[in-house]
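One structure below.
The values are calculated or read from the model by the stated rules, or taken from the named source; none is laboratory data. Just so we're clear, the structure is a prediction, and the values are computed from it rather than from any experiment. Cβ: placed from backbone, ideal geometry, glycine included. Neighbour counts: every protein chain shown. Protein only, heavy atoms only, side chains kept; ligands, DNA and RNA dropped before computing areas. Shrake-Rupley method; radii C 1.70, N 1.55, O 1.52, S 1.80 Å.
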Amino acid sequence: MTKQKEIVLSGIRSTGNLHLGNYYGALRKFVAIQDDYDCNFFIADLHALTTNPDPEQLHANVKNILAEYLASGLDPEKSTIFIQSDIPEIAEMYLLLNMHVGIGELMRTTSFKDKARKCLGLKAPADGDSDEAFEKEIIGADTNKRVNAGLLTYPTLMAVDILIQKATKVPVGKDQLQHLELTRRFARRFNSFYGVDFFPEPTDFDFGGAPVKVPGLDGSGKMGKSEGNCIYLVDEPKVLRKKVMRAVTDEGPKEPNSPMREPVANLFTLLELTSTPEVVKHFRDAYADCSIRYGDLKKQLAEDIIAVTEPIRQRIGDIMADEDFLRRVVAQGAERARARAADTLAEMRQIMGIRKF
Ligand code: ADP
Ligand code: TRP
């Protein structure tokens, strides 16, 4: 008898195009596990609604990410690829699960505090300071500065995405681990409240090895949408070359074997991801003996990144033009994802006492 594959699920909010950080930190790893797990990858468009996007933009982003998923190697024959809003059972379960979620625990969630502070125009309190201003403003009467309830219940919706598929392995970035912890807590709470062994407790997917952190080109920190320092999979070669040539460096090593500053180390990190060991060694040696010319390094880096992104970019173009294919992929994904979601929801309604006469 073949062993049942473990259920893996991950989603990405449809808030913009995918960048090299998403590719190396997430997508490429998803592609690699498609044969060994029951993989489910979806586009979290309902989560994107929490920041009230422009409707046309939201729809365009869903289509973009779908094409970018497929062009990066996610295979609809191996993985279930779907759009969150195509699964109405998620919305219903979100209502049910919310009955077991505390507003206090949601308000204490780091991502909520960060996003709500942004809405209210508040700064984070200094270490040790109380968050009194935040709490006052949140329940305050100024209706111009509304923090929507969807933002508060974001973790409930994410828990539902996971629990409705009974996924046990959830690959996410570090910033999402708290949401995963809440998901486990909600699963445990539901099971113990109703005395059932219904929801499994999901954990982060361990890919082994050190996690990849793709740096930006602006000298420090990681590549990220909100940092405005991204190389996108859809960037044309000439755009990409320009971005790389403008990357921050320093005045260059003055003595042999000088320690490397962060902006330069970041370029090497990108080179290690995209280039051959020989090329990396060539530039490392040149840095060590002070003969390095950053212009040459950048030129090489740009071409190596283009070698990775260009085939993907061309596939994105082809896939975007094939509306029939896109429709087939999401219809098939929705059918599979809904089958499992409907079973979970039906049983959950039973457990909670919502039963037919
Ligand atoms: P962003 O930070 O651009 O908003 P998301 O938070 O939507 O990206 O991330 C989606 C996925 O891509 C997550 O799994 C996250 O860990 C991964 N990811 C995003 N940026 C990077 C990065 N710079 N390096 C490695 N992985 C990243
Ligand atoms: N909240 C996740 C993010 O911002 C996206 C997401 C929504 C997700 N539902 C999920 C990730 C379920 C994993 C599993 O990145």
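Trypsin sites (Lys or Arg not before Pro) within region 194-272: which are DSSP loop residues with at most 16 other Cβ atoms inside 10 Å?
Qualifying residues, ordered by number: Lys213, Arg246, Lys254, Arg261.
In the chain, what percent of the accessible surface is made up of carbon and sulfur (1.4 Å probe, ligands and nucleic acids excluded)?
Values: 9690 of 18620 Å².
Carbon plus sulfur share of accessible area: 52 percent.
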Check your understanding: Once amide H atoms are built 1.01 Å from N in the peptide plane, which residues 5 or more positions from Thr80, or in another chain, come under 5 Å H to H?
Key -> Cys39, Asn40, Phe41
**Study point:** Largest to smallest accessible area among Asp75, Asp235 [probe 1.4 Å]
**Key:** Asp75, Asp235
Revision key, fill the gap. Surrounding charge for Asp197, neighbours by C-beta under 13 angstrom, Lys/Arg +1, Asp/Glu -1, total 0
Check your understanding: How fast does region 6-93 diffuse by Stokes-Einstein, in µm²/s, taking the Kirkwood radius from C-alpha pairs at 37 °C and 0.692 mPa s?
Key -> 245 µm²/s
Check your understanding: Which cross-chain or sequence-distant (5 or more) residues have an amide H under 5 Å from the amide H of Gly11, H modelled 1.01 Å from N in plane?
Key -> Phe42
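Can you work out the FRET efficiency for the pair Arg355 and Asp285, with r the C-beta to C-beta distance and R0 = 51 Å, to the nearest 0.05?
Numbers: r = 72 Å, r/R0 = 1.42.
Calculated value: 0.10.
What is the calculated FRET efficiency for Glu335 to Asp131, with r their C-beta to C-beta distance and R₀ = 35 Å, to the nearest 0.05?
After rounding, the FRET efficiency stands at 0.20.
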**Study point:** log10 of Debye I(q)/I(0), alpha-carbon scatterers only, for region 235-318 at 0.15, 0.21 Å⁻¹
**Key:** -0.54, -0.95
Exercise for review: With θ set to phi - 60°, apply the Karplus curve 6.51 cos²θ - 1.76 cosθ + 1.60 along region 247-252 and write out the HN-Hα couplings as whole Hz, x wherever there is a Gly or Pro.
Suggested key: 4, 5, 10, 10, 7, x
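Which of the three applies to region 306-348, rounded, prolate or oblate, going by the alpha-carbon gyration tensor with a ≥ b ≥ c and a/c under 1.5 meaning rounded? The partial results should precede the final answer.
Values: a/c = 7.27, a/b = 2.58, b/c = 2.82.
Oblate shape, in that a/c is at least 1.5 and b/c is the bigger or equal ratio.
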Point to revise | Stretchable slack from Arg261 to Glu236, in nm (0.36 nm times residue separation minus alpha-carbon distance) | key: 6.1 nm
Exercise for review: Report ³J(HN,Hα) in whole Hz for each residue of region 307-320, in order, from the Karplus equation J = 6.51 cos²θ - 1.76 cosθ + 1.60 where θ = phi - 60°; Gly and Pro get x.
Suggested key: 4, 7, 7, 4, x, 5, 4, 5, 5, 4, x, 4, 5, 4
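Report the chymotrypsin sites (Phe, Trp or Tyr not before Pro) located in region 66-95 that are in a DSSP loop and have at most 14 other Cβ atoms inside 10 Å of their Cβ, or state none. The partial results should precede the final answer.
Numbers: sites: Tyr69, Phe82, Tyr94; in loops: none.
When the chymotrypsin sites (Phe, Trp or Tyr not before Pro) of region 66-95 are filtered for loop state and at most 14 Cβ neighbours within 10 Å, nothing remains.
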Point to revise | 0 to 90° range, to nearest 10: angle between helix 110-120 axis and the chain longest Cα axis | key: 90 degrees
Check your understanding: What is region 149-204 by shape, rounded, prolate or oblate, if you read a ≥ b ≥ c off the alpha carbon gyration tensor as root eigenvalues and call it rounded for a/c under 1.5, prolate for a/b larger than b/c, and oblate otherwise?
Key -> oblate
Practice item. Can you bin region 183-303 into rounded, prolate or oblate? Criterion: square roots of the alpha carbon gyration tensor eigenvalues sorted a ≥ b ≥ c, rounded for a/c under 1.5, prolate for a/b above b/c, oblate for the rest. Key: prolate
Practice item. Any chance you could give the angle, 0 to 90 degrees and rounded to 10, that helix 55-71 forms with the longest Cα principal axis of the chain? Key: 70 degrees
Exercise for review: Just need log10 I(q)/I(0) for region 279-337 at q = 0.12, 0.13, 0.15, 0.30 Å⁻¹, Debye formula, equal scatterers on the alpha-carbon atoms, no solvent, rounded to two decimals.
Suggested key: -0.54, -0.57, -0.62, -1.08
Exercise for review: Filter the cross-link list Lys115/Lys242; Lys78/Lys242; Lys63/Lys243; Lys113/Lys213; Lys123/Lys213; Lys118/Lys169 down to pairs whose alpha-carbon distance in this structure exceeds 29 Å.
Suggested key: Lys115/Lys242; Lys78/Lys242; Lys118/Lys169
Check your understanding: GNM on the chain, C-alpha springs below 10 Å: top fluctuator among Ala286, Ala265, Ala210?
Key -> Ala210
Revision key, fill the gap. Computed ³J(HN,Hα) along region 260-273: with the Karplus parameters 6.51/-1.76/1.60, θ = phi - 60°, integer Hz and x for glycine or proline, the list is 9, 6, 4, x, 6, 4, 4, 5, 5, 4, 5, 5, 4, 6
Review point. Against the longest principal axis of the chain, how steep is helix 154-164, in degrees 0 to 90 to the nearest 10, with axes from Cα atoms?
Key: 80 degrees
Practice item. Would you please report the Å³ per residue occupied by the convex hull of the alpha carbon atoms in the chain? Key: 191 Å³
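Tell me, what is the per residue accessible area of region 235-318 in Å², probe radius 1.4 Å?
Numbers: 4670 Å² over 84 residues.
Per residue, region 235-318 has an accessible area of 56 Å².
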Revision key, fill the gap. For Thr203, the residues 5 or more places away or on another chain with a placed amide H closer than 5 Å to its own amide H are Lys169, Val170
